[in-house]
Amino acid sequence: QLPKINTLASLQKPIPEPLNNQHATTILPPKMMKLILVLLSAMLCMSSTSVNAFAPSFPTAPVRSATLQFTTPSAPISTSATSTTLFGKKAARAAGNARKGKSERVKKVKDDVIEVEATVIESLPNAMFRCTIDGAPETQEPVLATISGKIRKFFVKILVGDKVTIELSPYDLTRGRITFRKR
């Protein structure tokens, strides 16, 4: 029988050999086994990844290695539209760039508003305007319209006599929002 080993100091004592002539195996305490296991796993992780956890934090000189340049026969680049799909901001910018050459106005379609052409007849405080709807009878009262957020954002100046596009709510046809000023 082998004696039971409880402390690290007892590792230094010689372990008696087994009674038969087979190769003797050493028995390590559980704490020592855990320590060896942790060290081996740390060494394995460091060697398998490119993370240098124990590397110095100061910058080191870049290692120069021989670079190989591969040349492939290039196909002629076509100037036609490509089939790449853009997402997010890049898609919005690409759509804006495609619109720059066009003369007509591209706008989202809204179902619950009524768009009409009008002429500004009076400028009021707080970016409010009185507008008459083009083609409406003289007896119809003017529409009280405010400017939309985009016009406010880009500082579009609206003067008396300007032709504008107004969005009217179906719930109140006497109030509207100016969404576009004709040139």
- Task: Any residue in the range 141-163 that's under 16 Å from L173 (Cα atoms): show its pairings with residues that are of a type in the set (S, T, Y) at Cβ separation under 7 Å, as long as the two are six or more apart or on different chains.
- Result: E141/T174; P142/T132; V143/T174; L144/T174
- Message: Tell me yes or no: at least one residue of the range 107-118 is open to solvent by 40 Å² or more (accessible area, probe 1.4 Å), modelled with pLDDT of 95 or more and of a type in the set (D, E, K, R).
- Response: yes
- Query: Under 8 Å by Cβ, and 6 or more places apart or on different chains, what pairs join a residue from the range 30-46 that is open to solvent by less than 100 Å² (accessible area, probe 1.4 Å) with one that is assigned to a helix (DSSP H, G or I)?
  - Reply: M32/L11
- Taking the range 119-140 as the search range and keeping residues that are assigned to a strand (DSSP E or B) and among the hydroxyl-bearing types (S, T, Y), which one is nearest to L168 (Cα to Cα)? T132
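The values are calculated or read from the model by the stated rules, or taken from the named source; none is laboratory data. As the structure is a computational prediction, the values presented were derived from the model and not from experiment. Positions of Cβ are generated from backbone atoms using ideal geometry, with glycine treated the same way; all protein chains shown enter the neighbour counts. Heavy atoms of the whole protein, side chains included, go into the accessibility calculation; ligands, DNA and RNA do not. Shrake-Rupley method; radii C 1.70, N 1.55, O 1.52, S 1.80 Å.
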